[in-house]
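One structure is given here, and the rest of the page talks about it.
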Amino acid sequence: MWRKSSRSGSGGNADCVEVALGSTTALVRDSKNRTSMIAAPGWAAFVDAVKRGDLSQV
């Protein structure tokens, strides 16, 4: 099941990011690109880095 990011815009021209989590992979797609597959450990590391603020813009 695809889940839309709470940071995604709304409306017809808005940017949108969605993720579908499986047991071994995460599928990620956005409004401009095709779906990408990421191994579950890599996705978990990315989410943890975001939560810690490691990827914040300066």
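Laboratory data are not the source of any read-out in this text; all were calculated from the coordinates shown. For clarity, every value in this text was computed on a predicted model and none was experimentally measured. Positions of Cβ are generated from backbone atoms using ideal geometry, with glycine treated the same way; all protein chains shown enter the neighbour counts.
With the Cα gyration tensor of the chain giving a ≥ b ≥ c as the square roots of its eigenvalues, does the rule (a/c under 1.5 for rounded; else a/b larger than b/c for prolate; else oblate) give rounded, prolate or oblate?
It comes out oblate by the Cα gyration axes.
Can you tell me the dipole magnitude for the chain around its Cα centre, using point charges on the Cβ only (Lys, Arg +1; Asp, Glu -1), in Debye to the nearest 20?
The calculation lands at about 100 debye.
Using only alpha carbon pairs under 8 Å that are at least six residues apart, calculate the relative contact order of the range 1-55 and give it in whole percent.
So the answer I get is 22 percent.
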